[in-house]
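Reading through the structure tokens given below for one structure.
The values are calculated or read from the model by the stated rules, or taken from the named source; none is laboratory data. None of these values were measured; they are calculated from a predicted model. Every residue, glycine as well, gets a Cβ built from its backbone with ideal geometry; the counts of neighbours run over all protein chains shown. Accessible surface is based on the protein model in full, side chains and every heavy atom, while ligands, DNA and RNA are left aside. Shrake-Rupley method; radii C 1.70, N 1.55, O 1.52, S 1.80 Å.
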Amino acid sequence: MRVGEKKGTLMAAERDQARLREELDMVEEDLVKLRETVAELRGTVGSSAEAPTDAAEVSMLIAMADEQEQLMNTLEARREDLRRRLGEQP
């Protein structure tokens with residue numbers, strides 16, 4: 001491998017690392033937002049002042065929170081994969 005080829009390979013690897021880092025940052029931001037959303041949904045169900053008035057609404061809020069938690073699990077798995085690819089410890 002020539003010097004120019006080696007330099008090009010290193011630059012490509014650095015770009016790949018930067019893309020992975022950027023994706024990891026976005027995943028972590030999304031996880032923070034999802035945790036806040038789930039806490040709000042669960043808080044609404046448990047709060048007497050803001051509690052839904054009927055069982056259907058309560059059910060809908062619980063289902064929404066459950067869906068958000070499933071998405072969080074998917075994002076957490078993606079985060080761990082990105083960390084592994086970046087050589088970071090979880």
**Asked** What tally of residues in the stretch 29-70 results from selecting those that are open to solvent by less than 80 Å² (accessible area, probe 1.4 Å) and closer than 30 Å to ARG19 by Cα?
**Response** 8
**Message:** If ASN73 meets every condition in (1) in contact (Cβ under 8 Å) with a residue 60 or more places away in the chain; (2) exposed (fewer than 12 other Cβ atoms within 10 Å of the Cβ) apart from one, which number is that one?
**Reply:** (1)
**Request:** Report, ordered by the first and then the second residue, all pairs with beta carbons closer than 8 Å, sequence separation of six or more or different chains, a first member in the stretch 9-37 that is farther than 12 Å from LEU71 by Cα, and a second member that is of a type in the set (D, E, K, R) and in a helix (DSSP H, G or I).
**Result:** LEU20/ARG85; LEU24/ARG79; LEU24/ARG83; GLU28/ARG79
**Request:** May I ask you to verify whether THR74 is at pLDDT 90 or above and on the phi < 0 side of the Ramachandran plot?
**Result:** yes
